[in-house]
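This report concerns only the one structure given below.
Every number here is computed from the coordinates shown, using simple stated rules; none is lab data. Model, not experiment: these values are computed from the prediction. When we count neighbours, we look across all protein chains shown, and the Cβ atoms used for this are built from the backbone with ideal geometry, even at glycine.
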Protein chains: 2
Amino acid sequence: MSKPARRARRRPRADVTIKDVARHAGVSPMTVSRVVNGSKYVSSTTRNAVQRAVRELGYSPNLAARNLASERGERLGLLYGNPSSAYLSEFLVGALESATRLGVQLVLEKCEPTPVASRRAVRRLLSGAVVGVVLPPPLCESSAVRTELSAARLPVVTVAAGRPPADTMCVRIDDYSAALEMTRYLISLGHERLAFIKGHPNQSASEERWLGFTAALQEAAGTRRARPAPRMEQGFFSFRSGLDAARKLLATDPAPTAIFASNDDMAAAVIAEAHRRGLDVPRDLTVVGFDDTLIASTIWPELTTIQQPIARMAAEAIEMLVTAVRGNRRSTERQHKLIPHALISRQSAAAPTAGAPPHP
Amino acid sequence: MSKPARRARRRPRADVTIKDVARHAGVSPMTVSRVVNGSKYVSSTTRNAVQRAVRELGYSPNLAARNLASERGERLGLLYGNPSSAYLSEFLVGALESATRLGVQLVLEKCEPTPVASRRAVRRLLSGAVVGVVLPPPLCESSAVRTELSAARLPVVTVAAGRPPADTMCVRIDDYSAALEMTRYLISLGHERLAFIKGHPNQSASEERWLGFTAALQEAAGTRRARPAPRMEQGFFSFRSGLDAARKLLATDPAPTAIFASNDDMAAAVIAEAHRRGLDVPRDLTVVGFDDTLIASTIWPELTTIQQPIARMAAEAIEMLVTAVRGNRRSTERQHKLIPHALISRQSAAAPTAGAPPHP
DNA sequence: GGCCGACTGGACAGCGCTGTCTATCATCGG
DNA sequence: CCGATGATAGACAGCGCTGTCCAGTCGGCC
């Protein structure tokens, strides 16, 4: 009985495989794999030969095959909430870069912070065979989402929660220090009548920023002459709430010379309101924000603000998650990672002018 | 000679595979595959049994294996330029959703529209084994990028170019009709002194929008009493340029009662300038934008604007690219796809008030 | 009754890569 | 000079899935 005729190949493969490289370099496929993956135990002679072959043939490894063989290629979920979050864009860029590099797949899922919506979202993720979840703000603060996620026993990394719970992994900046730094900067410019607009009380970062602000004032109170108590208004991170707060703050007499808004949207609102009152920013009023979102450099004057390296944070979060998922689950020590922030100085802040600003 | 002892398995696999499902349902793995992939030629009895087994075991296919076997899982490049493009976030969401669904990988690459930068970016994509590229604005207009891409013989889908070249695939909205529609709307509100702020002359959508605007005026000229010639200022899509244009437009006497800015950033600038002059929007001045980016609903009053379904467009682009790449290259008929837009009516537009607006 | 065609479902052989084990040297201390 | 040791490279067996071919089964029709 003769061997059955060779079946027709499905489709002619154009791509060069590891075998082609091996043949071309005169070694075994395994050696090529070792070289490509940077394993040791390859002599430099062999290594060079293989590398040359790779270059000459334009070889690039097949991801699917690699994932299959090495049991990689897990799916990670990215649960995002409020899509108007200006985080999202940068966040996605960072997360995707990292995911590509680590060979994992990213699955997006949108979710409102309600119990029913989060249950549904988590269920969808699970049905998509997701093995871990990244939680950017503001969802990272939603207890509904978190409960659902921990019920599903999915490892989670929260990003940018002001005060992350001790039992989850998280990546964040030090909101307290950042606010402290910004306030010190305002003081160093010579401002004495400072005002602060708080962020949404639901988000723990809000309180941290406020504490940083007051700490800087405390600090300065010791070294300089007495300073009037700072004015504070409650905001909710929205442009609208910033407008309301600004209206109140600017109506006082004497008006503050500098307003520190807890995020950029509110700072932009302060500028808008100042303009409406005929105040020049920064000549008559210094305004600073927080987050360095798009709007900070869109409006005019551009905002002095605190920049969070959002892309980097997202990348770190993915990496952390992959480590946790790949490591033999034991190593899931609940890591916290603090990422450095930066004070971005633009045109919305300056030293106060000598004369009192005009007051309508 | 005895058969060598069974090697130790690498790591105990927890996941349920297609074989498990097959055993549980009493069929062959192939049949399970057919059910899961929705092939016909499976009796409903068998199908149901398999589906039940899938549900009971919580089976979900291994992506890597599927991609490997079916020669899917290609890598698609997403070359993005100006990251301040408010498109990016929504665009990425749409692209990723689509990519996940189709089982392709998305590789991001940032690139300035210069020849040298685009050469480098395309080279990086190629070395990443990318087989097609999506080009969102504003890169879709960059001839440097396009040249480099076509030199590399990569299939390309451009998104949201106003006037796409005939030889590339593209997904876009009808900028002309959208502007026409918006202008008709302004006219229907009763506005007679209309002004327009053009977009960046480099982008072909700018001209389309302008043409739509003028067409609507033409149209109205026939049916109603003579209308003063519209005022127009050249802008560059930036907040700053909008500010300059607004300043000029609002300094004229009589000032326009409605300003149509070619994008939201410029419209926001018009509102800012109007406020600075003590004009109320929309009572004293109607302002409308284009794009419905974040800023449109961030500022106050919120902008009446044209919404592009960016996520959907991105998804369509990915889909188109996948079809082109998977199809036997012949079918690369250069497709163009027009996506419907929508006029989003918010608070920045209203009928003009009877009395002439105050004029400083 | 036999044959045809439409349906159904299984066997088989990989997809391209990597983990594990083994074979082969060169080196070295005793 | 020999066994021990370490460095280097290959053989082999899949990872989980799907495309192709093939073998039944069944109803209908000459």
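With label points set 7 Å from Cα along Cα→Cβ, the inter-copy distances at A:L343 are 4.9 nm, sorted shortest first. Full extension of the segment from A:N37 to A:R312, taken as 0.36 nm per residue of separation minus the current Cα-Cα distance, would add 96.5 nm. Relative contact order for chain A: 16 percent, from Cα pairs under 8 Å spaced at least 6 residues apart, divided by residue count. Of the residues A:I306, A:C140, A:G190, the one whose Cα sits farthest towards the positive end of the charge dipole of chain A is A:C140 (charges of +1 on Lys and Arg Cβ, -1 on Asp and Glu Cβ, taken about the Cα centre). Footprinting exposure proxy ranking of A:M30, A:M313, fewest other C-beta atoms within 10 angstrom first, gives A:M30, A:M313. Rounded to the nearest 20 debye, the dipole magnitude of chain A is 2440 debye, with +1 charges on Lys and Arg beta carbons, -1 on Asp and Glu beta carbons, and the Cα centre as origin. Backbone amide hydrogens, once placed in the peptide plane, bring A:G77 within less than 5 Å of A:V107, A:V131, A:G132, A:V133, A:V134, excluding anything fewer than 5 places away on its chain. Oblate is the label for region A:51-199. Its Cα gyration tensor axes, ordered a ≥ b ≥ c, give a/c of at least 1.5 and b/c at or above a/b. Distances between equivalent label points of A:T114 across the copies, with each point positioned 7 Å along Cα→Cβ, amount to 5.1 nm, shortest listed first. Extending 7 Å from Cα along the Cβ direction at B:A69 and again at B:A251 yields two label points whose distance is 7.2 nm. Cross-link partners of B:K248 among aspartates and glutamates, defined as those whose alpha carbon lies under 13 angstrom from its own and excluding same-chain residues fewer than eight positions apart: B:E233, B:E273.
Exposure proxy ranking for A:L57, A:L279, based on other Cβ atoms within 10 angstrom of each Cβ and starting from the fewest, stands as A:L57, A:L279. Nearest to the axis that brings chain B onto chain A is this chain B residue, judged by its Cβ, with the distance in whole Å: B:S89, 2. Does region A:210-314 come out rounded, prolate or oblate, given a ≥ b ≥ c as the square roots of the eigenvalues of its C-alpha gyration tensor, rounded meaning a/c under 1.5 and, failing that, prolate meaning a/b above b/c? Cα axes put region A:210-314 in the oblate bin.
On the beta carbon distance between B:T214 and A:R55, with R0 = 41 Å, the FRET formula returns roughly 0.15. Each copy carries a label point for A:P254 at 7 Å from Cα toward Cβ; from one copy, the others' points are 4.6 nm away, ordered from shortest.
Filter chain A for me: DSSP H helices, axial length by Cα at least 15 angstrom, mean Kyte-Doolittle hydropathy not below 0.0. List them by residue number.
Values: long enough: A:44-57 (19 Å, -0.74); A:87-102 (22 Å, 0.64); A:115-127 (18 Å, -0.12); A:175-188 (19 Å, 0.09); A:204-223 (30 Å, -0.19); A:239-251 (18 Å, 0.15); A:264-276 (18 Å, 0.11); A:310-326 (24 Å, 1.02).
Helices meeting the span and hydropathy rule in chain A are A:87-102, A:175-188, A:239-251, A:264-276, A:310-326.
For the pair region B:44-108 / region A:98-173, the C-alpha centres are spaced 19 Å from each other. The lysines whose alpha-carbon is closer than 30 Å to the alpha-carbon of B:K110, local same-chain residues fewer than 8 away aside, are A:K110, A:K337, B:K198, B:K337. The residues B:L106, B:L76, B:L243, when put in order of fewest to most other Cβ atoms within 10 Å, stand as B:L243, B:L106, B:L76.
Take the alpha carbon gyration tensor of region A:89-162, find the square roots of its eigenvalues, order them as a ≥ b ≥ c, and report rounded if a/c is under 1.5; if not, report prolate when a/b exceeds b/c, else oblate.
Details: a/c = 1.93, a/b = 1.34, b/c = 1.44.
The shape class here is oblate.
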